[in-house]
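First comes the structure, then the notes that go with it.
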Amino acid sequence: MGGDKVPVLSRDRAEIDELRFPELTDLLGQLRFSTADGRIMLGEQRMMLLHAAAFGTLRREIIELFGEDVARGLFTRMGYQAGMLDARMARAIRSSATLEEMFAVGPQMHCLEGIGLSQPVRLEFDIEKGTHYGEFIWTHPLEDEEHLRFFPIGDQPSCWMQIGYASGYSSEFMGKPILYREVECMAMSQPACRIIGKPVEEWGEEGARDMAFLMPTEQRRHAPGMTEPAVVSVAPPEQEPADDDSPVGLSPGFQSVMHMVRKAAPTNATVLFLGESGVGKEVFAQALHRMSSRSDKPFVAVNCAAIPEQLIESELFGCVRGAYTGATQNRAGRFERADGGTLFLDEIGTLSPGAQGNLLRALQEGEIERLGDTQSRSVDVRLIAATNVDLREEVLAGRFREDLFFRLNVFPIRVPPLRERRDDVPLLVARFLRKFNRVHNRHLTGFTQRAIDAIMAYDWPGNVRELENVIERGVILASDNSAIDAAQLFTSGEKFDTPQYAIGPAGQFEPRDPSQLLEDQLPDHEGERAFRCINNLLRGTHDSKDRISFDEIETVLLKKALDCADGNVAAAARLLGMTRPQMVYRLKSRGILEQRNR
């Protein structure tokens, strides 16, 4: 399966009776009931049985207590998480099946988990090109039955959790955001529910309101068409711009950080962000500033580790002419530039002892002195600090002032590493692909399945910063108007430590080295894979490991012909029985000439 080019799968309504899902045996084999410890397991995920009536009662009370918009958002996000988890399981269970059979795990789990029966009307997707169109009919939907038990027929669809599931499953499967919308619903007096799914950008304005339900409640308050929740918050709604600098995520870890940020934003409390390098502490600090009452004032950021120790105090507090060699004029420091706004000090654990003492005074007294000056200056600055070291250990080691630590540690917020919030990876990947397509004027369509598997298998020790750099590398290396493959992302000896499993010949789980995701795409193996694939086809046999697309075979032939002709394009063209212009066109369309000229 890996990074094979996905065939376009399409069925018209007249052919619906011919479109059959595979047997459920493999999925049923993942379901285990244990009376020894009271667990129900589906694959590696713990499950639970819940009375439909109890679920319906909970759903009704949430709607009545918080309002329909808040309730819809909660259940949509709940379904989205379940869909993402099932999509990951689908890759493991049907790793050697066709992509159509693998995708069918989602609709089949829909049935197996008691949510309702899903029947395909039309299904088309191409992972490499990033295209997706799905249309399904739902019958016996649990949510509609329970909704109609308490509420009358209305003019809005009510399968919120199911829509979230379909969107989450397809987004994880495709490696890009896919939005499903319910266009017909039994709760609207129609005989069955009908859903349609497409990439988010293809929905336009009509999908904006539905996408808002995937946001946390506070972020949804000012989304188009949303009503105010029944519970009124005293905190001002944050004004987060839809740009590449705002934090994005759906994982519990991300939501926990954003909850703490929203709590701290309306206050003037000092905030200390803790976490590994590259987790995005400055991005969260900027979001906090935008949500605060100081949002119209400056946000000044300082990386304390990047400034020489002898200059850090003059950078923070400013200096007067003659304060030291090279100080030829009076200069305001970062505190004065941030007056009225927010000062962000990154890597604060690297401050020198002298700078630590002056910083403590500035925080306690609200006053600073320029280096070499005797005049105190009042400043109104909110401090946000960040560090990737344990400041308590630094205090014990005598490298950091204890009184300053207590002054900074008023409101600590830990930002978890990316490996602890993998649910955020698909959204971040989609954002970075859009960003670098724009920055480098490229038109990459998405990622191969092999690339998606490798991205999800990697542990990301460099966190979001490393992910961003890797996606930029892929955008640069991949041929325009094509999908990015794993070998174009991981080119610097990245180590895959996360254990992965595949289904063995006897149906059992077997360990798999994730580095195989890259090895199959190394240049030395390209010809061998193409040779095996062609031989298998001619013999009428099938081996999913050696499956390769026609485009990949043609690319291998072009490269080999060019190698055999020692780079002579005309000679290579003769070897393949084509003209030189035909050869040049194919070489340029695949970026082969550019690669050889580097």
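The values are calculated or read from the model by the stated rules, or taken from the named source; none is laboratory data. Quick caveat, the model's predicted, so the values are computed rather than measured. Glycine gets a Cβ as well: all are built from the backbone with ideal geometry, and neighbour counts include every protein chain shown.
Quick notes
- Some residue of the range 199-206 being closer than 15 Å to ASP144 by Cα, in the same structural domain as ASP144 (by TED's automatic domain parsing) and not hydrophobic (A, V, I, L, M, F, W, C): no
- Of all residues in the range 310-321, one or more are touching an Asp or Glu at 6+ places or on another chain (Cβ under 9 Å), part of a loop (DSSP other than H, G, I, E, B) and over 26 Å from PHE254 (Cα atoms).
- Top-ranked residue of the range 473-491 - restricted to ones that are within 17 Å of the chain's Cα centre (by Cα) and of a type in the set (A, V, I, L, M, F, W, C), ranked as modelled with the lowest pLDDT: ALA486
- Residue in the range 136-155 that is touching a Lys or Arg at 6+ places or on another chain (Cβ under 6 Å) and small (Gly, Ala, Ser) present: no
- Taking the numbered list (1) farther than 19 Å from ARG422 by Cβ; (2) surrounded by fewer than 23 Cβ atoms within 10 Å (Cβ to Cβ) in turn, ALA82 passes all entries but (1).
- Here ALA355 clears all of (1) closer than 23 Å to ALA306 by Cβ; (2) part of a loop (DSSP other than H, G, I, E, B) except the condition numbered (2).
- Just one of the listed residues (VAL470, VAL439) is of a type in the set (Val, Ile, Thr), under 14 Å from the mean Cα position of the chain (by Cα) and over 21 Å from ASP126 (Cα atoms), namely VAL470.
- Residues of the range 235-250 include none that is part of a loop (DSSP other than H, G, I, E, B), exposed (fewer than 15 other Cβ atoms within 10 Å of the Cβ) and either at pLDDT 90 or above or over 30 Å from the mean Cα position of the chain (by Cα) (or both).
- Candidates in the range 271-299 are the residues that are more than 17 Å from MET260 (Cβ to Cβ) and among the hydroxyl-bearing types (Ser, Thr, Tyr); of these, the one that is surrounded by the fewest Cβ atoms within 10 Å (Cβ to Cβ) is SER293.
- Within the range 109-138, tally of residues that are more than 19 Å from THR76 (Cα to Cα) and not small (Gly, Ala, Ser): 15
- Qualifying residues in the range 335-345 (those that are buried (at least 21 other Cβ atoms within 10 Å of the Cβ) and not in a loop (DSSP other than H, G, I, E, B)) - the one farthest from the chain's Cα centre (by Cα): PHE335
- So ALA385, is it in contact (Cβ under 8 Å) with a residue 60 or more places away in the chain and not charged (D, E, K, R): yes
- In this structure, VAL379 qualifies as in contact with a strand residue (DSSP E or B) (Cβ under 8 Å, 6 or more places away or on another chain), within 24 Å of GLY341 (Cβ to Cβ), free of Cβ contacts under 8 Å to residues at least 60 places away in the same chain and hydrophobic (A, V, I, L, M, F, W, C).
- Residue list for the range 71-95, restricted to those being over 14 Å from GLY175 (Cα atoms) and basic (Lys, Arg): ARG72, ARG77, ARG94
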